[in-house]
1. Given the conditions (1) open to solvent by 30 Å² or more (accessible area, probe 1.4 Å); (2) in a helix (DSSP H, G or I); (3) farther than 30 Å from Arg180 by Cα, which single one is not true for Ala438?
2. If you take the residues of the stretch 258-273 that are more than 10 Å from ligand 1 (Cβ to nearest atom) and among the hydrophobic types (A, V, I, L, M, F, W, C), which of them is nearest to Arg171 (Cα to Cα)?
3. State yes or no: is Ala325 away from ligand 3 (no atom under 16 Å from the Cβ), in contact with a helix residue (DSSP H, G or I) (Cβ under 8 Å, 6 or more places away or on another chain), open to solvent by 40 Å² or more (accessible area, probe 1.4 Å) and closer than 22 Å to Tyr288 by Cβ?
4. If we scan the stretch 159-179, do we find a residue that is modelled with pLDDT under 95 and over 23 Å from Ser47 (Cα atoms)?
5. From the list Gly92, Gly23, Gly67, which residue is in contact (Cβ under 8 Å) with a residue 24 or more places away in the chain and at positive phi?
6. Could you check, for the stretch 233-248, whether at least one of its residues is part of a loop (DSSP other than H, G, I, E, B), among the charged types (D, E, K, R) and touching a Ser or Thr at 6+ places or on another chain (Cβ under 8 Å)?
7. What is the number of the single condition among (1) within 11 Å of ligand 3 (Cβ to nearest atom); (2) more than 11 Å from Ile308 (Cβ to Cβ) that Leu336 does not meet?
8. Quick one: which of Arg279, Arg295, Arg285, Arg371 is within 30 Å of Gly234 (Cβ to Cβ), within 21 Å of the chain's Cα centre (by Cα) and basic (Lys, Arg)?
Amino acid sequence: MEGLPPGLLAARREAVLEALGRGVMVLAAAPILRRSRDTEHSYRPDSDLFYLTGATEPHTVAVLAGGDEPRFVLFAQERDPAAELWTGERVGPEAAAERFGADETYPLAELEARLPVLLRESDRVYYRLGRVGDLEGMVLEALAYARSRGQRKGIGPRALMDPGAILDEMRLLKDEVELRRLRSAAEATVAGHRAALDTIRPGVGEWAVQASVEAAFLREGATAPGFGTIVGSGSNACFLHYVDNRKMVAEGDLVLVDAGAEVALYNGDVTRTVPASGRFGDLQRAVYDVVERARTAAVAAGRPGGSIGGVHDAAVAVLVEGLVALGVLTGSVEDLVEQEAYKPFYPHQTSHWIGLDVHDPGDYAREGTSRTLEPGMVFTVEPGLYFRPGVDGPAARFEGIGVRIEDDVVVTEAGCENLTAALPTAPEEIEALVAEGAGRSRGRG
Ligand code: GLY
Ligand code: MN
Ligand code: MN
């Protein structure tokens, strides 16, 4: 993977060291997770560690030590020809100093002895507790040692903080390098969805649609899907994170595809809902039109000075108006919004931040007030309506219909740019693309 510019990483670390004061931040590589017996899940580097160092190998620990002598200390796994024969080359502690711009580098085996000393002079430690298979025991021991030793001199850590207290806010505002990666992720994601539109027809397996989406992601430079690809046909579309993908698509089904490519560790996250036959039924189309209007209104609300809550409110207002027009809800739109009467049909939020993580960090509210949007914030817009099996009352005639439409947008100086706009949402265009794909597959025989 193309590395991040060293100057950019150094500037980020500088900002963190400044914010640390006398604190010390310890960032560990993501653990290797076992999938079964002696096979492993494919490795996904830790987002915070990558953001500050560019390091992507497991068994790496970065320590940013504030105080009188601020420095960046890196612990790396040692070279091991026998292991490298199986899993590929390691950077090793010797080369790591230059590669990552560290002031000091050591073999990981020295972490246990060096960490207590690094923590001793700090007044607080930033370390994320509760991760599986991590160094937690070692860090807590080092912390206990540093706390007891420090008291002799009136120093030593008195607080344990989450690194997100500093990093989440930095990661919320994307710089140009990040935006380039997000654009690449958006392009690969759109390519995956085009492959889905080409594949969907009655009689195809949800799994086959998943396969075509993920193959296109990889062809377009993704390392992996950023999350489990969702292909929900018929009433499976009503389950928000349905990932079984084992049903055959039937004539008359809507198919909801929610999938995103991860490119250079940045993510896309897009949903389209399309008619398997290439033609929306009347009730399906009525629901689709409401969700599409909500998406348009929500994107329009994503501008500097607006708020992330305002984006949600814009979507909810249109969805509720639509639910009234469809005869599902009765009453004034204002009252129905106030009473959250839409919740059975729209149980989730409209947006989440997106970046290195699909659900990227960053506060959505401050002191009870929704976050004001600023240029460089990137988030999803994903309204939906779901009429789950068993729904009763006036909604019953829509039973089994689930529609979500999701794009990824970036706030700009002028407003908001839809990064995934190249993938159509207009129902006629969606219908045409599905019909064309089905025609081609008939032509192939
Ligand atoms: N695909 C997960 C989400 O839309 O948040
Ligand atoms: Mn999604
Ligand atoms: Mn999403």
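1. All conditions pass for Ala438, except number (1).
2. Checked the stretch 258-273; the qualifying residue nearest to Arg171 (Cα to Cα) is Leu265.
3. Yes.
4. Scanning the stretch 159-179 turns up at least one residue that is modelled with pLDDT under 95 and over 23 Å from Ser47 (Cα atoms).
5. Sole residue among the options that is in contact (Cβ under 8 Å) with a residue 24 or more places away in the chain and at positive phi: Gly67.
6. Taking the stretch 233-248 first, the residues part of a loop (DSSP other than H, G, I, E, B) are 239-247.
Of the ones still in play, those that are also among the charged types (D, E, K, R) are 244, 246-247.
So of that shortlist, the ones also touching a Ser or Thr at 6+ places or on another chain (Cβ under 8 Å) come out as 247.
Within the stretch 233-248 (the criterion being part of a loop (DSSP other than H, G, I, E, B), among the charged types (D, E, K, R) and touching a Ser or Thr at 6+ places or on another chain (Cβ under 8 Å)), the answer is yes, since at least one residue qualifies.
7. (1)
8. Arg295
The values are calculated or read from the model by the stated rules, or taken from the named source; none is laboratory data. Computed from a prediction, not measured in an experiment: that's the story for all the values here. Because the Cβ atoms are built from the backbone with ideal geometry, glycine has one as well, and the counts that use them run over all protein chains shown. We work out accessible area using only protein heavy atoms, side chains counted, and drop any ligands, DNA or RNA first. Shrake-Rupley method; radii C 1.70, N 1.55, O 1.52, S 1.80 Å.
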